[in-house]
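Just below is one structure, and these are the notes that go with it.
The values are calculated or read from the model by the stated rules, or taken from the named source; none is laboratory data. Just so we're clear, the structure is a prediction, and the values are computed from it rather than from any experiment. Here the Cβ positions follow ideal geometry from the backbone for every residue, glycine too, while neighbour counts run over all protein chains shown.
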Amino acid sequence: MVLEPGQAMFLGANEPHAYLYGDCVECMACSDNTVRAGLTPKFIDVSTLCEMLNYSPAPASTKIFPSMQDPSDPFVYLYDPPVPDFTVMRIQVPVSVKQYTVAPVDCAGILLVIEGEATATSALSDITLRRGTVLFISANESVSLHVTSPCGMTMYRACSLL
């Protein structure tokens, strides 16, 4: 299965996955049940994996779900999987926008910068954001961005909107 940029898929419990190439943002619920079947120097437990797997066939296309534009922010696209554990937001700030506020939500989360640079100002401090930066955002906290890159910004925010 090949995902195009911006596409998302959801895999439930006991459904294996592997990345063959490319980059992705993965978000998962808390778990203590990682079971490996190979291609790793870590402990491999094939028999446990075979016992726990979900063997119900389904077309791969049923795993893909679309993002939905947030009605309150034209730069935010929501990936809301069919579980209450987490939501992922793609935030794409265009090159024409130099000031942007990451809106507060009623839960804590993390912000991952994929592309672009900005100075982030929050209640506690200023920090430079660039590709690879991860920022913890407290519940009900907003973060003001002064975008300094000529290409805008792409970020992903993971949180648990209940």
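Here are some notes:
- Scanning segment 110-162 for residues that are surrounded by 13 or more Cβ atoms within 10 Å (Cβ to Cβ) and within 22 Å of P84 (Cβ to Cβ) gives I110, L111, L112, I137, S138, E141, Y156, R157, A158, C159, S160, L161.
Here's the yes/no breakdown for (1) under 13 Å from the mean Cα position of the chain (by Cα); (2) modelled with pLDDT of 95 or more:
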residue: M89; (1), (2): yes, yes
residue: K98; (1), (2): no, yes
residue: V102; (1), (2): no, yes
residue: T121; (1), (2): no, no
residue: S125; (1), (2): no, no
residue: T133; (1), (2): no, yes
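- Test for V2: is it in a loop (DSSP other than H, G, I, E, B) and closer than 26 Å to V113 by Cα: yes
- With respect to the stated conditions, Y79 is among the aromatic types (F, W, Y), surrounded by 12 or more Cβ atoms within 10 Å (Cβ to Cβ), in contact (Cβ under 8 Å) with a residue 60 or more places away in the chain and under 26 Å from E4 (Cβ atoms).
- Close pairs from segment 130-149: first more than 20 Å from P94 (Cβ to Cβ) and in contact (Cβ under 8 Å) with a residue 24 or more places away in the chain, partner among the charged types (D, E, K, R) and surrounded by fewer than 14 Cβ atoms within 10 Å (Cβ to Cβ), Cβ under 8 Å, at least 6 apart: A139/D106; N140/D106
This table checks each residue for (1) among the small types (G, A, S); (2) surrounded by 14 or more Cβ atoms within 10 Å (Cβ to Cβ); (3) farther than 24 Å from A139 by Cβ; (4) in contact with a Leu (Cβ under 7 Å, 6 or more places away or on another chain).
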{"site": "P5", "(1), (2), (3), (4)": "no, no, yes, no"}
{"site": "L11", "(1), (2), (3), (4)": "no, no, yes, no"}
{"site": "E15", "(1), (2), (3), (4)": "no, no, yes, no"}
{"site": "C27", "(1), (2), (3), (4)": "no, yes, no, no"}
{"site": "A37", "(1), (2), (3), (4)": "yes, yes, yes, yes"}
{"site": "F43", "(1), (2), (3), (4)": "no, no, yes, no"}
{"site": "T48", "(1), (2), (3), (4)": "no, no, yes, no"}
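- Pair list, Cβ under 7 Å, 6 or more apart: segment 16-31 residue under 14 Å from C159 (Cβ atoms), other residue assigned to a loop (DSSP other than H, G, I, E, B) and not hydrophobic (A, V, I, L, M, F, W, C): A29/D85
- Residue among S142, S149, S138, S160 that alone is among the small types (G, A, S) and more than 23 Å from Y79 (Cα to Cα): S149
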